[in-house]
Each structure stands twice: as structure tokens, then as C-alpha cells.
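The values are calculated or read from the model by the stated rules, or taken from the named source; none is laboratory data. What you are looking at is a predicted structure, and each value in this text was computed from that prediction instead of being measured. Here Cβ is always computed from backbone atoms with ideal geometry, including for glycine, and neighbour counts include all displayed protein chains.
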Amino acid sequence: MSEKNVTSPPSGEVGAAKPRRVGTTDLPKPSRAWQWLGLALVDSGEGYATVEMTATEEMTNHSGFVHGGMISALADSAMGRSLRTIEPGVERAMSFDLKLSFINAAKIGETLRATGRVVHAGRRTMVAECRVEGRGGRLIATASATFAVTREKE
């Protein structure tokens, strides 16, 4: 079984293995969930992807902060997108294990930035981790997930 452990520089650091793909142009068609949540791919490179979402009134919980499920969807999307930066490519990925730790409340109107990083890139499963940050880099949540993947043929 082919296995690749991946560590890559965060966005903006010198030494990225491949040129970054920025924007959603490399997405054949964003999913309806991405469209509904207003997710946008803002940075990606080998082993990582950064996705942003601006929190709206429709995303609040009873306390008036961003609902944890919305933050979860953002983190899952960033991690899932990070898998698609690994070669051989990923045709299909589904998270089957997802863990989130909420650190701070996110506020309505705040742009949330999630950076997913691949930490294990196996042939059938992949593992990623994520940081979700708010204004000024304030940590909102951390996450990790395991994905079942179908890889492109080498």
C-alpha cells in the first residue's frame, strides 16, 4: 500500500512544493452546499487548502453566535479540499470521522478562515486537520477528520 505523509508550508511561507491555486476556478462546479454557505477557496497548495465563509444572520444559534454546525461544515470543507491537492489525485472523498473543538465564539458578519492540512495520505483513507480562525487570527476551532477516498490511477 502506497502511503505518503505530508507536511507543507502554510499559506504565504517560502518553499511551497507546487504553485498555489487560488480561487474557485479549479473547482469544476462548487457544490450546492458550498454555494449556500458562501464558501470560497482562497488558497491551496500541496497538502493544504484555505476556505473562507462570512457568517450571516441565518447561521446563528439561540445565543446569537455562529452555530457550531456551520463552523463544522466550513472545517470539513477545508479539510476535504486539502485532500484534492495530493498526487495521485482524489476523485472522491467522504469524511467518516470528524472531531471539532470549539475555542471561541464566532460572530455574525465575521469572515471565518479555515485552513485544512493533510497529515496522512493513504491509498484508501486520508487524515486531515484544520484551524478555523476569525478576525485578527483569533482561534475559533480546531478539527480533525478521516476520509474514505477514491484515488485517480497513477
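I want to confirm something. Restricting to the range 85-102 and keeping residues that are assigned to a strand (DSSP E or B) and acidic (Asp, Glu), which single residue is modelled with the highest pLDDT?
We begin by selecting, within the range 85-102, every residue assigned to a strand (DSSP E or B); these are 90-102.
Subset that is acidic (Asp, Glu): 91, 97.
Numbers: Glu91: 88, Asp97: 96.
The residue in question is Asp97.
Hey, could you check the range 30-43 for residues that are touching a Gly at 6+ places or on another chain (Cβ under 9 Å) and of a type outside the set (D, E, K, R) and say which is farthest from Thr115 (Cα to Cα)?
Going through the range 30-43, the residues touching a Gly at 6+ places or on another chain (Cβ under 9 Å) turn out to be 40-43.
Add one more test, that the residue is of a type outside the set (D, E, K, R), and what stays is 40-42.
On the way: Ala40: 12, Leu41: 10, Val42: 10 Å.
This residue is Ala40.
Being out of contact with any Asp or Glu (no Cβ under 7 Å at 6 or more places or on another chain) and in a strand (DSSP E or B) is the filter here, so list the residues in the range 122-141 that pass it.
Our first condition is that a residue be out of contact with any Asp or Glu (no Cβ under 7 Å at 6 or more places or on another chain); within the range 122-141, this holds for 123-133, 136-138, 141.
Hits for the range 122-141 are Thr125, Met126, Val127, Ala128, Glu129, Cys130, Arg131, Val132, Glu133, Ala141.
Look through Ser77, Ser44 and report the one residue that is of a type in the set (Ser, Thr, Tyr), touching a Lys or Arg at 6+ places or on another chain (Cβ under 8 Å), free of Cβ contacts under 8 Å to residues at least 60 places away in the same chain and crowded, with 22+ Cβ neighbours inside 10 Å. Can you show your working first?
On the way: Ser77 fails: touching a Lys or Arg at 6+ places or on another chain (Cβ under 8 Å).
Result: Ser44 is the single residue among Ser77, Ser44 that is of a type in the set (Ser, Thr, Tyr), touching a Lys or Arg at 6+ places or on another chain (Cβ under 8 Å), free of Cβ contacts under 8 Å to residues at least 60 places away in the same chain and crowded, with 22+ Cβ neighbours inside 10 Å.
Filtering the range 59-74 down to residues that are touching a helix residue (DSSP H, G or I) at 6+ places or on another chain (Cβ under 8 Å) and free of Cβ contacts under 8 Å to residues at least 40 places away in the same chain, which residue is farthest from Val127 (Cα to Cα)? Steps first, answer last, please.
Our first condition is that a residue be touching a helix residue (DSSP H, G or I) at 6+ places or on another chain (Cβ under 8 Å); within the range 59-74, this holds for 59, 61, 66-67, 70, 73-74.
Filter once more, so that each one left must be free of Cβ contacts under 8 Å to residues at least 40 places away in the same chain: 61, 67, 70.
Details: Asn61: 29, His67: 25, Met70: 21 Å.
Residue satisfying both the conditions and the ranking: Asn61.
Within the range 47-74, which residues are outside any loop (DSSP other than H, G, I, E, B), crowded, with 24+ Cβ neighbours inside 10 Å and not aliphatic (A, V, I, L, M)?
Scanning the range 47-74 gives Tyr48, Thr50.
Kindly indicate whether Ser101 is under 11 Å from the mean Cα position of the chain (by Cα), over 21 Å from Pro30 (Cβ atoms) and surrounded by fewer than 20 Cβ atoms within 10 Å (Cβ to Cβ).
On the way: under 11 Å from the mean Cα position of the chain (by Cα): no; over 21 Å from Pro30 (Cβ atoms): yes; surrounded by fewer than 20 Cβ atoms within 10 Å (Cβ to Cβ): yes.
Here the answer is no, as Ser101 does not meet what is asked.
Anything in the range 104-118 that is crowded, with 16+ Cβ neighbours inside 10 Å and within 15 Å of the chain's Cα centre (by Cα)? List them, or say none.
The answer is Leu112, Arg113, Ala114, Thr115, Gly116, Arg117, Val118.
Take the residues in the range 28-41 that are touching a residue at least 12 places away in the same chain (Cβ under 8 Å) and part of a loop (DSSP other than H, G, I, E, B), then tell me which one is surrounded by the fewest Cβ atoms within 10 Å (Cβ to Cβ). Show your work before the answer.
So the first thing to find is which residues in the range 28-41 are touching a residue at least 12 places away in the same chain (Cβ under 8 Å), and the list is 33-34, 37-41.
Okay, now just the ones that are also part of a loop (DSSP other than H, G, I, E, B), so 38-39.
Working: Gly38: 14, Leu39: 24.
Per the stated criteria, the residue is Gly38.
Given the conditions (1) within 21 Å of Ala40 (Cβ to Cβ); (2) among the hydrophobic types (A, V, I, L, M, F, W, C); (3) not in a strand (DSSP E or B), and given that Ala105 satisfies all but one, which numbered condition is not satisfied?
(1)
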